[in-house]
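Chemist: Structure incoming, see below.
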Amino acid sequence: MRVGIPRTLSYFTFYPLWKPFFETLGAEVIVSPESNKELLDDGVRNTVTDACVPIKLFHGHVAALIDKVDILFMPRLVSLDGKSTLCPKFLGLPDMVKYSIAGLPEIIENRLDLKKGKMELYRFLYGIGRRFTANRLKIMHAIYRAKYNFANYRKLLFKGLTPVEAFACLEGGQEPSVQLIDGALKLAVVGYPYNLYDNFISIGLLTKLRRYGVQVVTPEMVPDKEMKRLSKKLRKNLFWYYSNQVVWAAIYYLEDKNLDGIIHLTAFGCGPDSMTNKIIELECKAKKVPFITVSIDEHTGEAGVETRVEAFVDLIKRKKGMV
Amino acid sequence: MKITFPYMGTSHLVISFFLKELGHEIVYPPVPSQKTLSLGVKYAPEFACLPFKILLGTYLEALELGADTILTSGGCGPCRAGYYGEIHRRILHDLGYPVKMIILEPPLVSPRDFLHQLAELVRPKGWLNFAKQFRIAWAKLKVLDELESTLHKLRPLALSKQEITKVYEEGLELIDQARSVKEVKAALEEALSRLHNVPIDPYCQPLKVGLIGEIYVVLEPFANHDVEKLLGEMGVYVHRSIFLMNWTRDNAFGYGEKDVRAAAVPYLNQLVGGHGQNSIGEVVRYAEQGFDGVIHLAPFTCIPEIVSKSIMPAVSRDKGIPVLTLFLDEQTGQAGIQTRLEAFLDLLRQKRMKQEAS
């Protein structure tokens, strides 16, 4: 059986968990191609105009998988930490896609809601496993391998790799070759993983910054322990998992004296980000750290982003007396 | 403590009464206007929704009038409106207003915090007074809804739309002046009988349209360009899905509205925050009740309503009920809304004529 996984949204957080899981169950995992213009155009055609660009892109990825897979993996992710939920668009995602795209294959849309208890992840994976095999041992084995691989993946992230680099390491089986640019500047780039690490939609923001000789840090690289500490710092936490990660990461990096600035990457019309962005902006203002918002949508051009980011980096260099 | 609060529909009549009787000095913010909105837009995040901007503008205007405390509601997500109080506070403090915010969280979700904030409001005159005034405020909430739904029924039939609006406003005045549960009831009777005395055309068979969507833009006339009045004056019976009373009851004392949500389950079996799931359920119900069409209102970038909007075409097709979705923001003009409403109503009339012919 061929299982299709769209290469966006939760892909960047959970791919190392899903992949060994399905493979141990004896399924073939097919990932949609890397984001490109055609995928996006296809997504835009299939989505309501008011949705944000990551959601439109997701529709494009799903459409690209239709004829290639027997079953589509599109779980309803409700809560990943037992406290916050995901953005409402994640909650309604399977329904949005079902009523927008015709001719879909069978869909795995099991609900993952860790608010219901710690065993919920096992119940979720077990429920999916039952669709592939009746052998309980095989499912347990798949869960074990998935979790093992996922733990390794997280370790790679904390070493400073981006998810895409970490995937390559895991697949290649080689030791991570962390080549941290010990650049003259250290910038935190915060935003949701599906915007940050999708080279097409972020217009290669991370690569560009590294090319300028900037050391880039992202929310995925903040250790769990620190996240936990910071989760008690705000008077009232946000309601959305990814937004909380972004805010906590921004506060974490603001504690670092060597940090030179923060770039917030956000999608046009992103609901949660209207709150997230303001919090980060005010925190940066209080600490007198340079801050810029880069917003992207389906019309974003490379030149526009490049100009702004370059100007931002130049300003910081000038401030530090480097130019 | 000079306290102020945001407007939402007729809720200010109840809130101001309640606060006054609890012994607070009230600063009435000006009724939301273009100026309010411009002020809000200036200091709000670009993609915050329309309610956020109107509220921020209202607060800024009230602070200029000397308010030092703001009363507002909280929430527990996933709709971002539950976080607005926090961001408003941050923005206002950043602008240099040392304002105090009293944010009432849903009592069953965070009972300690709720009681803590409530105690602050109750302090001047004590809990006994609170219990007494609460009964009266509750009664007012109830009768306001009743008066409004009667207005919705009668407005399309009334021969003079100006007159019925005027009579309704007099009714609001009467209720506002009532000072006991008995007086509230008497005021309602008086207001209702006055409304019923307005001459109507008994043979008129108005189009029946349901009004659904995000609560603030549905309830606040400034946010929706007074769409209820607009429709009523075009001779359409508008049934609003949300009233203050049932909303307060359901959200203050648990996760209510179960039957509406049950109707949504075949299409959207997941709470998506705000009124996203309700919107789907309401359309199903309006279709079953034989309404001619549904108007779906939401602020621009409203996440739950974007989810419901993408499912809406399927519901509308299955149930055979036309739905017009209007996303509202600071750029929305009344002429644009009116044009679209007129076109939508023309379609509904044709549909009805076809049905009657066959």
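Every number here is computed from the coordinates shown, using simple stated rules; none is lab data. Predicted model only: the values in this text are computed from it and were never measured. Positions of Cβ are backbone-derived with ideal geometry, glycine not excepted, and every protein chain shown enters the neighbour counts.
Chemist: Which one of A:ALA303, A:ALA311 is more than 26 Å from B:TYR43 (Cβ to Cβ), more than 17 Å from the chain's Cα centre (by Cα), of a type outside the set (Ser, Thr, Tyr) and more than 14 Å from every other protein chain (Cβ to nearest Cβ)?
Modeler: Only one candidate passes the filter, namely A:ALA303.
Chemist: Can you name every residue in the stretch B:326-358 that is of a type in the set (S, T, N, Q) and either assigned to a helix (DSSP H, G or I) or touching a Ser or Thr at 6+ places or on another chain (Cβ under 9 Å) (or both)?
Modeler: Residues of the stretch B:326-358 of a type in the set (S, T, N, Q): B:331-332, B:334, B:338-339, B:350, B:355, B:358.
Hits for the stretch B:326-358 are B:GLN334, B:GLN338, B:THR339, B:GLN350, B:GLN355.
Chemist: Do the conditions hold for B:SER73, that is, is it within 17 Å of the chain's Cα centre (by Cα) and away from chain A (no Cβ under 14 Å)? Let's see the steps before the verdict.
Modeler: Values: within 17 Å of the chain's Cα centre (by Cα): yes; away from chain A (no Cβ under 14 Å): no.
Taking the combined requirement at face value, the residue does not satisfy it.
Here's the yes/no breakdown for (1) free of Cβ contacts under 8 Å to residues at least 40 places away in the same chain; (2) not in a strand (DSSP E or B):
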| position | (1), (2) |
| --- | --- |
| B:GLY232 | no, yes |
| B:PRO266 | yes, yes |
| B:GLN277 | yes, yes |
| B:LEU297 | no, no |
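Chemist: Still on this model: Scan the stretch A:279-297 for residues that are away from chain B (no Cβ under 12 Å) and either on the phi > 0 side of the Ramachandran plot or among the small types (Gly, Ala, Ser) (or both) and jot them down.
Modeler: Listed by number, the list holds a single entry, A:LYS288.
Chemist: Which one is nearest to the other protein chains (Cβ to nearest Cβ), of the residues in the stretch A:52-93 that are without any contact (Cβ under 8 Å) to a residue 40 or more places away in the chain and part of a loop (DSSP other than H, G, I, E, B)?
Modeler: Step by step, filter the stretch A:52-93, then rank; the result is A:GLY92.
Chemist: Return yes or no: is B:GLY273 at positive phi and surrounded by fewer than 21 Cβ atoms within 10 Å (Cβ to Cβ)? Don't jump to the end; show me each part of the working.
Modeler: Details: at positive phi: yes; surrounded by fewer than 21 Cβ atoms within 10 Å (Cβ to Cβ): no.
Here the answer is no, as B:GLY273 does not meet what is asked.
Chemist: Would you check if there is a residue in the stretch A:110-123 being farther than 20 Å from A:PHE239 by Cβ, touching a residue at least 24 places away in the same chain (Cβ under 8 Å) and assigned to a helix (DSSP H, G or I)?
Modeler: No.
Chemist: Where residues in the stretch A:252-278 are of a type in the set (Phe, Trp, Tyr) and touching a helix residue (DSSP H, G or I) at 6+ places or on another chain (Cβ under 7 Å), which of them is farthest from the other protein chains (Cβ to nearest Cβ)? Even if it seems obvious, please write down each step before you answer.
Modeler: Going through the stretch A:252-278, the residues of a type in the set (Phe, Trp, Tyr) turn out to be A:252-253, A:268.
Now narrow it down to the ones that are touching a helix residue (DSSP H, G or I) at 6+ places or on another chain (Cβ under 7 Å): A:252, A:268.
Details: A:TYR252: 19, A:PHE268: 8 Å.
Within the stretch A:252-278, the match that is farthest from the other protein chains (Cβ to nearest Cβ) is A:TYR252.
Chemist: Kindly indicate whether A:LEU104 is within 14 Å of another protein chain (Cβ to nearest Cβ), in contact with a Phe, Trp or Tyr (Cβ under 7 Å, 6 or more places away or on another chain) and in contact (Cβ under 8 Å) with a residue 24 or more places away in the chain. Steps first, please.
Modeler: Numbers: within 14 Å of another protein chain (Cβ to nearest Cβ): yes; in contact with a Phe, Trp or Tyr (Cβ under 7 Å, 6 or more places away or on another chain): no; in contact (Cβ under 8 Å) with a residue 24 or more places away in the chain: yes.
It is false that A:LEU104 is within 14 Å of another protein chain (Cβ to nearest Cβ), in contact with a Phe, Trp or Tyr (Cβ under 7 Å, 6 or more places away or on another chain) and in contact (Cβ under 8 Å) with a residue 24 or more places away in the chain.
Chemist: Could you go through the stretch A:234-251 and let me know if any residue there is buried (at least 24 other Cβ atoms within 10 Å of the Cβ), more than 25 Å from B:GLY82 (Cβ to Cβ), touching a helix residue (DSSP H, G or I) at 6+ places or on another chain (Cβ under 6 Å) and in contact (Cβ under 8 Å) with a residue 60 or more places away in the chain.
Modeler: For the stretch A:234-251, residues buried (at least 24 other Cβ atoms within 10 Å of the Cβ), more than 25 Å from B:GLY82 (Cβ to Cβ), touching a helix residue (DSSP H, G or I) at 6+ places or on another chain (Cβ under 6 Å) and in contact (Cβ under 8 Å) with a residue 60 or more places away in the chain: absent.
Chemist: Still on this structure: Check the stretch B:142-149 and report whether any residue there is in contact with a strand residue (DSSP E or B) (Cβ under 9 Å, 6 or more places away or on another chain), more than 14 Å from chain A (Cβ to nearest Cβ), part of a helix (DSSP H, G or I) and within 30 Å of A:SER274 (Cα to Cα).
Modeler: Of the residues in the stretch B:142-149, the ones in contact with a strand residue (DSSP E or B) (Cβ under 9 Å, 6 or more places away or on another chain) are B:148-149.
Retained after the next criterion (residues that are more than 14 Å from chain A (Cβ to nearest Cβ)): B:148-149.
Imposing the further condition that a residue be part of a helix (DSSP H, G or I) reduces the set to B:148-149.
From what's left, within 30 Å of A:SER274 (Cα to Cα): none.
No: zero hits.
Chemist: Taking the conditions exactly as written (small (Gly, Ala, Ser), crowded, with 18+ Cβ neighbours inside 10 Å, touching a helix residue (DSSP H, G or I) at 6+ places or on another chain (Cβ under 6 Å) and touching a residue at least 12 places away in the same chain (Cβ under 8 Å)), does B:ALA139 satisfy them or not?
Modeler: Numbers: small (Gly, Ala, Ser): yes; crowded, with 18+ Cβ neighbours inside 10 Å: yes; touching a helix residue (DSSP H, G or I) at 6+ places or on another chain (Cβ under 6 Å): yes; touching a residue at least 12 places away in the same chain (Cβ under 8 Å): yes.
Answer is yes for this residue.
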